[in-house]
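Asks: Can you keep this structure in mind? I'll have questions shortly.
The values are calculated or read from the model by the stated rules, or taken from the named source; none is laboratory data. Here the structure is a predicted model, which means the values were calculated and not measured. All Cβ positions, even for glycine, are placed from backbone atoms using ideal geometry, and neighbour counts span all protein chains on display.
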Amino acid sequence: MIHSSIYRQKLTGIYAALTMSFLLISPERLSSGTTETYDYRVDFIIVPSVDLTMKISRTTYDGKPAERLQFYTKTKKVFSTFFSVNNYYESLYDPTDFSIQFGKKIIEQPNVKQEITSVYRNSHVEYSNGKSVSIPPKTHNFFSLLMHIRTLSANEIRTFRVPVEIEGKLFDASLKYIGEERLPVGDKTLRTDRIEILLSEMTPGQSPVTKLTDIFYWKIGSEEGKRTVWLEKGNRRRIVRTEFYISATWLTARLIDEE
């Protein structure tokens, strides 16, 4: 029983890291009045493990224009036979400065059953579990940060810096421009900018607002974590690849088709 528990915990970490890896994949900027829908696959080593459907759309929040980013993540059948997951993540953010306005996640996996929402207003984030945290102006969450990165030029990447909130913990986010690389996508090769996302805690030793969470939220801001994004050059500026390091494992997500 002890070995079984340890094995299940390791699988939890592997799955959530996979989720993190492909959550960094994002579409081109949204056109007015449209909804973008994209399907992705992430492999762990050579095993197809996770299906992701991502939707990005225009909406309103508190009477103002907003963008909604939604991720539906589900383990593939072969992977679900020993570890089944069905998770949902949603973010509403300002389409001009990408400050976060609302967040929601529904976690269904063997070690966590959780639904929690967060509302960002008046220099505070209020969680549905009753916790409240003060936040600086123009705070992002990790997902609105990813959407913001897509709009930046190479020069803007070098000077970019914003506050990021992750389940009650505050970080300074900055970017490091690594260089240009060519990556295969479908039957084409795309020119990309390689960027590293750097997160540093504003105050060491901060406590999260929940005792139990999925490992994505638990580990995304960890000091040992590495987060690398390949951003397409040109007007579309899609993120076509990410690499994420967690618990001695490298996980890579790739955009699998070029329309």
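Asks: Checking Lys211 against (1) of a type in the set (Lys, Arg); (2) within 28 Å of Tyr120 (Cα to Cα); (3) assigned to a strand (DSSP E or B), which single condition isn't satisfied?
Replies: The number of the failed condition is (3).
Asks: Could you look through region 27-73, keep only residues that are of a type in the set (Gly, Ala, Ser) and part of a loop (DSSP other than H, G, I, E, B), and pick out the one that is modelled with the highest pLDDT? Quick ask: steps written out before the conclusion?
Replies: Taking region 27-73 and keeping what is of a type in the set (Gly, Ala, Ser), we get 31-33, 49, 57, 63, 66.
Cutting the leftovers down to part of a loop (DSSP other than H, G, I, E, B) gives us 31-33, 63.
Details: Ser31: 54, Ser32: 54, Gly33: 63, Gly63: 94.
Here the residue is Gly63.
Asks: Of the residues Leu175, Leu183, Leu198, Leu152, only one is at pLDDT below 95, in a strand (DSSP E or B) and farther than 25 Å from Ser128 by Cα; which? Even if it seems obvious, please write down each step before you answer.
Replies: Numbers: Leu175 fails: at pLDDT below 95; Leu198 fails: at pLDDT below 95; Leu152 fails: in a strand (DSSP E or B).
Only one candidate passes the filter, namely Leu183.
Asks: Only residues that are surrounded by fewer than 21 Cβ atoms within 10 Å (Cβ to Cβ) and part of a strand (DSSP E or B): list them for region 74-83, please.
Replies: Going through region 74-83, the residues surrounded by fewer than 21 Cβ atoms within 10 Å (Cβ to Cβ) turn out to be 74, 76-78, 80-83.
Result: Lys74, single match.
Asks: Now for a separate question. Which members of region 84-98 meet the condition of being in a strand (DSSP E or B) and surrounded by fewer than 20 Cβ atoms within 10 Å (Cβ to Cβ)? Even if it seems obvious, please write down each step before you answer.
Replies: Looking only at region 84-98, we keep the residues that are in a strand (DSSP E or B), and these are 86-93.
Within region 84-98, Asn86, Tyr88, Glu90 qualify.
Asks: Of everything in region 155-191 that's under 21 Å from Thr96 (Cβ atoms) and of a type in the set (A, V, I, L, M), which residue is farthest from the chain's Cα centre (by Cα)?
Replies: Ile157
Asks: Let me ask another. What tally of residues in region 223-235 results from selecting those that are at pLDDT below 90, surrounded by 13 or more Cβ atoms within 10 Å (Cβ to Cβ) and part of a loop (DSSP other than H, G, I, E, B)?
Replies: Of the residues in region 223-235, 1 are at pLDDT below 90, surrounded by 13 or more Cβ atoms within 10 Å (Cβ to Cβ) and part of a loop (DSSP other than H, G, I, E, B).
Asks: Considering region 137-169 alone, what residues qualify as being closer than 14 Å to Gln206 by Cβ and either of a type in the set (A, V, I, L, M, F, W, C) or out of contact with any Phe, Trp or Tyr (no Cβ under 9 Å at 6 or more places or on another chain) (or both)?
Replies: Val164, Ile166, Lys169
Asks: As an exercise: evaluate Arg191 against (1) basic (Lys, Arg); (2) touching a residue at least 40 places away in the same chain (Cβ under 8 Å); (3) in a strand (DSSP E or B); (4) buried (at least 16 other Cβ atoms within 10 Å of the Cβ) and give the number of the one condition it does not meet.
Replies: Status for Arg191: all satisfied but (4).
Asks: Test Ser153 against the stated conditions and say whether it is in contact with a strand residue (DSSP E or B) (Cβ under 7 Å, 6 or more places away or on another chain), within 23 Å of Pro95 (Cβ to Cβ) and among the small types (Gly, Ala, Ser). Don't jump to the end; show me each part of the working.
Replies: Values: in contact with a strand residue (DSSP E or B) (Cβ under 7 Å, 6 or more places away or on another chain): no; within 23 Å of Pro95 (Cβ to Cβ): yes; among the small types (Gly, Ala, Ser): yes.
No: the conditions fail for Ser153.
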